[in-house]
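Down below is the structure, laid out as structure tokens.
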Amino acid sequence: MRNILMTALVAGFLAGVAVFAIQMAAVVPLIAAAEVFEEAEAKTAEPAGTAHSHDAAAWEPEAGFERHAYTALADVIVATGFALLLAGLFALRGRPTGLRQGLVWGGAGFVVFALAPAFGLPPELPGAPAADLGPRQLWWLATVGLTAGGLALAAFSRPSWAKAIGIVLIVLPHVVGAPHPADTASPLPPELAAQFVAASLVASAVFWAVLGAASGWLHGRLR
């Protein structure tokens, strides 16, 4: 247990800091640009003579240092949680781990939690049209679960029929299709949305690469 906790804390911190740096360089500027379009659209939609106001109960961090600090904290917390998952899986398998094995598991994490869901629900900027939150969350969870199960069957099962079932599980949520809004009109430029999808996936790829490599190496060393 001590090895798992130490691995998760160190790897989570490293991965959280790495993804925060990429977010500040490539993702946050795109979000700030989208918020300009979102606010302009909201002002245009307001009836004449009414002032734009925010719900007093809706708290959000101030722009600048406070917002960045909360983003960094959230990145490290999320990374530590995923590192706990990886370290626990390493311990359950009971096999030696290292940098290479960690990168493989990190790649699987990227496919399961980022790439596969992005085929149906790509990362969205503020102000982008979206379906109701409940159906989107349900589809995302189903995609993550089926992709993880499918990869496990394809990678660890010996019978060919089990591998075939794994492939079917991976494809199934995309055959069903993700929920999308009826009205897809958006105030955001298409190139801005495309840049955000690319930047988000790159950030996720680096996150999982650092997390997997650090978790595999640390777990192997601590053993």
Problem - Of G64, G16, G107, the one that fluctuates the most in a GNM where the chain has Cα springs shorter than 10 Å - result: G64
Practice task
For every helix of n ≥ 4 consecutive DSSP H residues, a contribution of -39,500 (n - 2.57) applies; sum these over the chain, divide by its total residues, and give [θ] at 222 nm rounded to the nearest 500 deg cm²/dmol.
Solution key: -24500 deg cm²/dmol
Practice task
Place a +1 charge on the Cβ of each Lys and Arg in the range 72-223 and a -1 charge on the Cβ of each Asp and Glu, then give the dipole magnitude about the Cα centre in debye, rounded to the nearest 20.
Solution key: 1000
Handout entry: Over the range 139-185, equivalent-ellipsoid semi-axes from the Cα gyration tensor in Å
Key = 28, 9, 5
Practice task
Considering only F110, F207, F156, give the residue with the highest GNM mean-square fluctuation for the chain, with springs between Cα atoms whenever their separation is below 10 Å.
Solution key: F156
Fill in the blank from the handout: A student applying the Cα gyration tensor rule (rounded when a/c is under 1.5; otherwise prolate if a/b is larger than b/c, oblate if not) would label the range 93-166 oblate
Exercise for the section: Evaluate 2.2 N^0.38 Å with N set to the residue count of the range 170-215, then give the Cα radius of gyration divided by it. Expected result: 1.64
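Kirkwood hydrodynamic radius, computed over distinct alpha-carbon pairs, for the chain: how many Å, to one decimal? Could the numbers behind the result be given before it?
Working: mean 1/r = 0.0512 Å⁻¹.
It works out to 19.5 Å.
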Problem - Extension reserve of the F65-F13 stretch, reckoned as 0.36 nm per residue once the Cα distance is removed - result: 16.8 nm
Handout entry: Principal axis box of the range 76-206, alpha-carbon based, largest edge first, Å
Key = 51, 36, 24
Problem - the chain: most fluctuating residue of A21, A87, A209 per GNM, C-alpha cutoff 10 Å - result: A21
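Values quoted throughout were computed directly from the atomic coordinates according to the rules given, and no laboratory measurement underlies them. These numbers were taken from a predicted model, which means no experiment stands behind them. Please note: Cβ atoms are built from the backbone with ideal geometry, for glycine as well, and neighbour counts cover all protein chains shown.
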